[in-house]
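Computed from the coordinates by the stated procedures, all read-outs in this text should not be read as laboratory data. These numbers were taken from a predicted model, which means no experiment stands behind them. Note that we place each Cβ from the backbone using ideal geometry, even for glycine, and neighbour counts take in every protein chain shown.
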Amino acid sequence: MRLTQAKDSYDEAYGKLSTGRGNLVRQAELLKGMGVKAKKALPAELAARAMEFGEEPLLEVSELMAGSDDA
């Protein structure tokens with residue numbers, strides 16, 4: 001019973017990270033494509049699967065860059 005609950009929780013969290021509109025993995029890959037440097041890379045299979053979602057990013061470039069001069 002608990003093992004099933006843990007698996008269901010994992011599947012739900014994984015889905016939120018890598019599927020659907022504006023998923024986190026896709027947003028990270030889009031930022032990387034805009035020139036943002038990352039210290040670590042996501043697994044290629046995960047990134048490729050997340051990029052299959054063709055919707056526009058949730059954040060516009062202007063929103064992402066708005067805080068860049070606030071340092």
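Structural remarks
- For trypsin sites (Lys or Arg not before Pro), the sites in the stretch 1-42 that DSSP calls loop and that have at most 13 other Cβ atoms within 10 Å are ARG21, LYS37, LYS39, LYS40.
- Whole-number D in µm²/s for the stretch 2-52 (Stokes-Einstein; Kirkwood sum over Cα pairs; 10 °C, 1.306 mPa s): 134 µm²/s
- In this structure, the amide hydrogen of LEU42, modeled 1.01 Å from its nitrogen in the peptide plane, lies closer than 5 angstrom to no residue at least 5 positions away or on a different chain.
- In summary, the lysines within cross-link reach of LYS16, defined as a Cα separation below 19 angstrom excluding same-chain residues under 8 places away, comprise LYS7.
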